[in-house]
Amino acid sequence: MNKIKINGYDLSLKDFMKVAREYVEVELDENAFEKIKSSRMLVEKYVNEEKIVYGITTGFGKFSDVFIEKEEAKKLQENLIMSHSCGVGNPLSEEEVRGVMLLRANALSKGYSGIRLEIIEFLIEMINKRVHPIIPEKGSLGASGDLAPLSHMVLVMLGKGEAIYKGNRLNGIEALKQAGLSPITLTSKEGLALINGTQVMTAIGGIVAYDALHLSLIADVVASLTVEALNGIVDAYDERIHIARGQIGQIEVAKRLRLLLKNSKMISHQGELRVQDAYTLRCIPQIHGASKDSINYIIEKIEIEMNAATDNPLIFPETEDVFSGGNFHGQPMALVFDFLAIALSEYANVSERRLERLVNPALNNGLPAFLVKDGGLNSGFMIVQYSAASLVSENKILAHPASVDSIPSSANQEDHVSMGTIGARKARDVLFNAQNVLGMELMAACQGIDLRNNKMLGIGTELLYNEVRKTTSVIEKDMVMYEEINTFVEFIKSSSILEEIEKYINK
């Protein structure tokens with residue numbers, strides 16, 4: 001597969017995922033070389049002139065008024081990385097770490113950071129040779145960027161810290177050696193340039209947003225199967241209703257439902273079995289559509305940040321200016337990742353309510369209680385709904401915004417921070433819960449369809465149902481349920497059958 005070229009301006013979320021998840025290699029666009037070199041020359045000029053410039057000839061944060069002699073420049077950068085490596089908790093996943101390294105290299109390639117070309121190329125080599133630093137997931141305030149976690153990334157570049165290489169957890173120097181690399185030495189501005197940015201929160205949140213797009217489609221298919229299991233009324237998805245409101249996501253979801261349910265013999269029309277359905281069936285386009293619109297907005301903001309210069313100070317070699325600003329502040333990402341958690345939590349919220357309708361004999365239009373024969377002897381899907389309710393309740397806690405909190409740091413010099421990395425991690429947890437709840441709904445919907453003797457599904461829903469039933473079957477009596485749940489959750493995460501469904505919808 002062709003390498004992904006980076007220049008700091010046009011990296012897409014799709015290409016980001018190819019590097020992070022599919023291990024596609026990276027190369028630096030030659031058009032970026034000149035600006036990188038020009039900004040580095042300006043840094044060296046100011047160091048030689050002993051001009052007072054934050055982060056180049058001074059300390060950091062509250063120590064910005066402490067002048068650093070040029071003879072101490074290398075020691076300053078090494079001290080910065082070691083002292084800032086304060087992360088705690090579980091390591092980020094391999095794909096998250098690859099995403100972090102890619103985004104940092106991409107930001108540096110814009111040429112505003114004053115870092116040497118060979119340092120960026122070394123970071124790219126680490127990506128391509130699959131040297132993945134151990135980066136603890138906790139410890140970032142999201143301003144001044146992701147200082148602590150990014151420092152753990154740079155430790156390995158210095159031959160310190162720890163990394164995963166070929167499946168083995170090694171100390172940094174050994175990981176580099178086995179990959180055929182030698183540690184680097186940082187000098188003026190370079191340590192700060194490598195760690196002063198929003199790449200950890202953006203990488204984590206970017207992966208979540210990409211998977212959220214996948215979830216937005218599978219959620220529509222699962223909901224459609226539930227509509228069939230409950231003999232739902234399809235008149236509520238009539239195009240005219242949704243055009244009358246004009247919300248794009250709502251219109252698109254309603255269209256999907258109509259296509260998915262086309263030719264189904266298991267749906268009904270208003271007045272046949274009942275006049276109208278409950279909101280969780282009738283309002284699927286409105287609920288799913290709102291989350292779909294939100295995810296599209298969030299991805300737009302993420303792609304801007306993926307190509308942003310987010311360190312401080314920024315170097316403008318054309319005019320020989322160096323400005324100390326605040327592009328490291330994670331607020332633009334903090335807000336959208338909180339929004340992402342809310343959008344994802346709603347998929348789980350409404351899914352659990354549909355699951356409740358499937359298992360509740362007072363609501364499921366003639367299906368047996370808890371979707372099982374010999375109820376009483378068998379509990380069936382009773383505790384499946386309990387588990388889903390637990391995850392939904394947890395999501396309500398996780399959906400509380402991280403961005404509304406701020407704790408001053410660095411002796412109150414950094415007196416407002418974004419907590420954006422916490423927001424990204426929360427969104428990741430909400431996604432996990434939503435995938436599991438939808439897996440449980442899919443499991444129950446297929447059970448309900450079988451209990452009604454599957455009179456004929458829609459063109460689109462049948463694609464997923466048939467795929468599911470290749471490896472699963474109707475549950476006749478109680479069994480170890482978590483194993484079944486895990487199987488169905490894998491269908492929620494898998495992209496293979498969705499590609500076929502998407503082709504059908506878009507043809």
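Rule-based calculations on the coordinates, nothing more; no lab input. What you are looking at is a predicted structure, and each value in this text was computed from that prediction instead of being measured. Backbone-built Cβ (ideal geometry, glycine too); neighbour counts: all protein chains shown.
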Exposure-ranked with fewest Cβ neighbours within 10 Å first, Thr310, Thr202 stand as Thr310, Thr202
The chain: antiparallel bridges as % of DSSP beta bridges, rounded to 5, reads 75
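So if I place +1 on the C-beta of Lys and Arg and -1 on the C-beta of Asp and Glu, and nothing else carries charge, what would the dipole magnitude of the chain be about its Cα centre? I want it in debye, nearest 20.
980
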With R₀ set to 30 angstrom, the calculated FRET efficiency between the beta-carbons of Ser83 and Glu49, to the nearest 0.05, is 0.65
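Determine the sum of side-chain charges near Ala434: Lys and Arg each +1, Asp and Glu each -1, restricted to other residues whose C-beta is under 14 angstrom from that of Ala434. Kindly include the intermediate steps, with their values, before the conclusion.
Working: positive: Lys292, Arg353, Arg354, Lys396, Lys426, Arg428, Lys493; negative: Asp211, Asp220, Glu346, Glu352, Glu394, Asp429, Glu441.
Residues close to Ala434 contribute a combined charge of 0.
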Taking the dipole of the chain about the Cα centre (Lys, Arg +1; Asp, Glu -1; charges at Cβ), the one of Leu225, Ile501, Ala105 that reaches farthest to the positive side is Leu225
For Rg/Rh (Cα atoms, Kirkwood Rh), with candidates (1) 0.96; (2) 1.00; (3) 1.06, the value calculated from the shown model is option (3)
Scoring only Lys, Arg, Asp and Glu (+1, +1, -1, -1) among other residues with Cβ under 14 Å from the Cβ of Ser496 yields -2
Contour minus Cα-Cα span, Ser324 to Arg240, at 0.36 nm per residue, comes to 24.9 nm
Once Ala389 and Glu69 are pulled to full extension, the length gained, defined as 0.36 nm per residue separation minus their Cα-Cα distance, is 109.2 nm
So Arg469 and Lys177, fully extended at 0.36 nm per residue minus their Cα-Cα distance, gain in nm 100.2 nm
Quick calc, segment 4-197, dipole around Cα centre from Cβ unit charges on Lys, Arg (+) and Asp, Glu (-), nearest 20 debye, gives 160
Within the under-12-Å Cβ sphere about Pro136, not counting Pro136, Lys/Arg +1 and Asp/Glu -1 give a net charge of -2
Here, Lys396 and Glu272, labelled 7 Å along Cα→Cβ, have an inter-label distance in nm of 3.6
Calculated from DSSP helices alone, with each H run of at least 4 adding -39500 (n - 2.57) and the total divided by the residues of the chain, [θ]222 nm to the nearest 500 comes to -18000 deg cm²/dmol
Going fewest to most other Cβ atoms within 10 Å around each Cβ, Phe33, Phe432 line up as Phe33, Phe432
Going fewest to most other Cβ atoms within 10 Å around each Cβ, Arg274, Arg116 line up as Arg274, Arg116
Sequence order, segment 45-53: Karplus ³J(HN,Hα) from phi using 6.51 cos²θ - 1.76 cosθ + 1.60, θ = phi - 60°, Hz rounded, Gly and Pro as x, gives 4, 5, 5, 5, 7, 6, 6, 7, 9
Counting every C-alpha pair in segment 4-197, the percent lying more than 29 Å apart is 18
Scalar couplings 3J(HN,Hα) for segment 81-91 by Karplus 6.51 cos²θ - 1.76 cosθ + 1.60 (θ = phi - 60°), nearest whole Hz, x for Gly and Pro, are 5, 5, 6, 8, 7, 10, x, 9, x, 5, x
